[in-house]
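The values are calculated or read from the model by the stated rules, or taken from the named source; none is laboratory data. Please read these numbers as outputs of a predicted model, since none were measured by experiment. All Cβ positions, even for glycine, are placed from backbone atoms using ideal geometry, and neighbour counts span all protein chains on display. Accessible surface areas use protein heavy atoms only, side chains included; no ligands, DNA or RNA. Shrake-Rupley method; radii C 1.70, N 1.55, O 1.52, S 1.80 Å.
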Amino acid sequence: MQQKLILISMDALIYEDLAYLRNLPTFSWFMDHSAIAEQVRSIYPTLTYPCHATMATGRWPSSHGVVSNTVLEPGNPNSPWLWYHDAYRCKDLPDACKEAG
């Protein structure tokens, strides 16, 4: 039987939210059957995609390469969002799990 991994990373979730989530039917099941990082110290810059990339890779932004939420396009005030996996310069947790089978 092939095992499955569900990786959930939530934006703007803080420690105090966990007590509330434990009272929601779906989240309580996941939380009872999961590994949870309850206290995480953020990185700089504290932007969404760099933070999620840091949690997924275990590396600093200078190492994984994601330092902004948007693609660097000097002079473009509406640079597109950066949210693709190929922005990572290293392996992340899903990569490692896939390699391990």
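Below 8 Å between Cα atoms, with a sequence gap of 6+, how large is the relative contact order for the range 33-101 in percent? So the answer I get is 27 percent. Normalised per residue, the accessible area of the range 29-101 is 75 Å², obtained with a 1.4 Å probe and no contribution from ligands, DNA or RNA. Between S34 and I6, the distance separating the two model label sites (each 7 Å from Cα on the Cα→Cβ line) works out to 0.8 nm.
Solvent-accessible area of K91, all protein chains in place: 120 Å² (probe radius 1.4 Å, heavy atoms, ligands and nucleic acids excluded).
Over the Cα atoms of the chain, the radius of gyration divided by the Kirkwood radius equals 1.02; this is the Rg/Rh ratio. The trypsin sites (Lys or Arg not before Pro) of the range 16-66 that meet both conditions, a loop assignment by DSSP and at most 15 other Cβ atoms within 10 Å of the site Cβ, are R22, R41. Mean residue ellipticity at 222 nm, helices only, the chain: -8500 deg cm²/dmol; runs of at least 4 DSSP H residues each add -39,500 (n - 2.57), and the sum is divided by the number of residues. Taking the 1.4 Å solvent-accessible surface of the chain as the whole, the part contributed by carbon and sulfur is 57%.
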